[in-house]
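**Q** Please see the structure below; I have some questions.
The values are calculated or read from the model by the stated rules, or taken from the named source; none is laboratory data. Note that the structure is predicted; figures quoted are calculated from it, not measured. FYI the Cβ positions are ideal-geometry reconstructions off the backbone, even for glycines, and counts take in every protein chain you see.
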Amino acid sequence: MADHYATLGVTKGATADEIKKSYRKLARELHPDVNPDPKTQDKFKEVTKAYDVLSDPQKRQQYDMGGSNFGGGGANFGGGFSDIMDAFFGGGGSRGPRPRMRAGQDSLIRIQVDLNEACFGTEREITVESAVVCTKCTGSGCVDGDHPEMCLTCKGRGETQQVVRSVIGQVMTSRPCNACQGYGSIIKNPCRECAGEGRVRSRQTIDVKIPAGVETGNRIQMSGRGEVGAGGGPAGDLYVEIVEEQHEYFVRDGDTLHMSLEISMIAAALGTTVSVETLDGPANVQVKAGTQSGAPIVIKSKGMTRLRRGDRGDLIVHIEVQTPTKLSKEEENILRSFAVARGEKASDAHVKGHDGSIFSKIKGVFNK
């Protein structure tokens, strides 16, 4: 049994792309229309047969397990196990030629945006590498103004028929034509730029409009900007997936933003006005006298833009009252006098029930 891997000049562990690349190179050198020498034609048939087997995952698995012909004692099955399966399951039916033009695949690219871009939207210029129509042959796969010609082996049917012996007698089976690979036509003068594929890989620069309100996981669909199909077929779609960068001090929860604001215990007790930075610029936060640690202060419409709606969520400022850790003797005496004035003792304490505040759910985020 012939070694198909050696015929194509690849190793047994070669990938599908490596097998395809090697076959294209050999096909260009050995094609009967390019090199009419009889020995070369026989070599071309061997290469084509090897590619037909190794490019098909099922055929390749069968070949790796022992080949398409199962020798030894017993009946001679002629064309092999695949022919028997054809006989049982309708392999002899006419399938017709394969179209050279096929639809392209979709593409996916991920881009990072910061919180400000996610909130207000932006435009981004991205570079992608994908299959595009070959400009030399405009997708035909032929040199200059040439065009594919009908395959004389299969008369344009894209398949050949043969009678084989099987366990149920002689049966007629149909197989893709080896001469034209099932297309029913042959490109005698393949385009040198794309090797007859009708497409080449190229880098493209694309402008992407990112709408306001996007978040991680959202995808922007760009119709017809994916991979161009073989034979210059219609392109698939390009999907741009959003990955939102972590902000320095804002934590996002849907269309609501959270932030932690540290103030002194004096400011919390007496009340104060503090300027905080929002996505829209500075904003004043009124801290009422007696504000407790963990208390939320809501700033309306300073959160994230709601996708496809345009209005804004809220910004919630969570107050963190800081207790001094080092006191001078004078400061300590002042605090003791203050405690006496309020009738308090250092040992005064009581257990308070959990208030279930929203901040308790996200507090761990700030402590990471």
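**Q** Scan the range 179-189 and give yes if some residue there is among the basic types (Lys, Arg), under 24 Å from SER55 (Cα atoms) and either buried (at least 21 other Cβ atoms within 10 Å of the Cβ) or at pLDDT 90 or above (or both), otherwise no. Break it down stepwise before answering.
**A** Looking only at the range 179-189, we keep the residues that are among the basic types (Lys, Arg), and these are 188.
Still in the running and under 24 Å from SER55 (Cα atoms): 188.
If we keep only those that are either buried (at least 21 other Cβ atoms within 10 Å of the Cβ) or at pLDDT 90 or above (or both) as well, we get 188.
Among the residues of the range 179-189, at least one is among the basic types (Lys, Arg), under 24 Å from SER55 (Cα atoms) and either buried (at least 21 other Cβ atoms within 10 Å of the Cβ) or at pLDDT 90 or above (or both), which makes the answer yes.
**Q** Looking at the range 12-38, I want the residues that are at pLDDT below 80 and in a loop (DSSP other than H, G, I, E, B) and have a partner that is aromatic (Phe, Trp, Tyr) and surrounded by 12 or more Cβ atoms within 10 Å (Cβ to Cβ) with Cβ atoms under 9 Å, at least 6 apart or on another chain. Which pairs are those?
**A** HIS31/PHE44; PRO32/PHE44; ASN35/PHE44
**Q** Another question about this same structure. Given the conditions (1) touching an Asp or Glu at 6+ places or on another chain (Cβ under 6 Å); (2) over 18 Å from LEU26 (Cα atoms); (3) at pLDDT below 95; (4) not basic (Lys, Arg), and given that GLU215 satisfies all but one, which numbered condition is not satisfied?
**A** Every condition holds for GLU215 apart from (3).
**Q** May I pose another question? Inside the range 154-262, counting only strands (runs of 3 or more DSSP E) that do not spill past its ends, which hold 2 or more residues that are in contact with a strand residue (DSSP E or B) (Cβ under 7 Å, 6 or more places away or on another chain)? Full working, then the answer.
**A** Numbers: elements: 159-166, 169-176, 199-210, 219-222, 238-244, 251-253.
The qualifying strands (runs of 3 or more DSSP E) are 159-166, 169-176, 199-210, 219-222, 238-244.
**Q** Also, quick follow-up: Of the conditions (1) assigned by TED's automatic domain parsing to the domain that holds GLY139; (2) crowded, with 19+ Cβ neighbours inside 10 Å; (3) small (Gly, Ala, Ser), ALA268 satisfies every one except a single condition; which number is it?
**A** In the conditions (1) assigned by TED's automatic domain parsing to the domain that holds GLY139; (2) crowded, with 19+ Cβ neighbours inside 10 Å; (3) small (Gly, Ala, Ser), ALA268 misses (1) alone.
**Q** Considering only residues that are surrounded by 11 or more Cβ atoms within 10 Å (Cβ to Cβ) and not polar (S, T, N, Q), which ones fall in the range 298-316?
**A** Within the range 298-316, VAL298, ILE299, LYS302, GLY303, MET304, ARG306, LEU307, ARG312, GLY313, ASP314, LEU315, ILE316 qualify.
**Q** Still on this structure, please answer the following. Does VAL251 satisfy the condition of being at negative phi, surrounded by 15 or more Cβ atoms within 10 Å (Cβ to Cβ) and over 33 Å from the mean Cα position of the chain (by Cα)? Talk me through it step by step, then tell me what you get.
**A** Details: at negative phi: yes; surrounded by 15 or more Cβ atoms within 10 Å (Cβ to Cβ): yes; over 33 Å from the mean Cα position of the chain (by Cα): no.
Spelling it out, it is not the case that VAL251 is at negative phi, surrounded by 15 or more Cβ atoms within 10 Å (Cβ to Cβ) and over 33 Å from the mean Cα position of the chain (by Cα).
**Q** Specify which of the listed residues (ALA295, ALA212, ALA283, ALA195) is at positive phi and either surrounded by 14 or more Cβ atoms within 10 Å (Cβ to Cβ) or in contact with a Cys (Cβ under 8 Å, 6 or more places away or on another chain) (or both). Spell out how you get there, then give the answer.
**A** Values: ALA295 fails: at positive phi; ALA212 fails: at positive phi; ALA283 fails: at positive phi.
Of ALA295, ALA212, ALA283, ALA195, the one residue that is at positive phi and either surrounded by 14 or more Cβ atoms within 10 Å (Cβ to Cβ) or in contact with a Cys (Cβ under 8 Å, 6 or more places away or on another chain) (or both) is ALA195.
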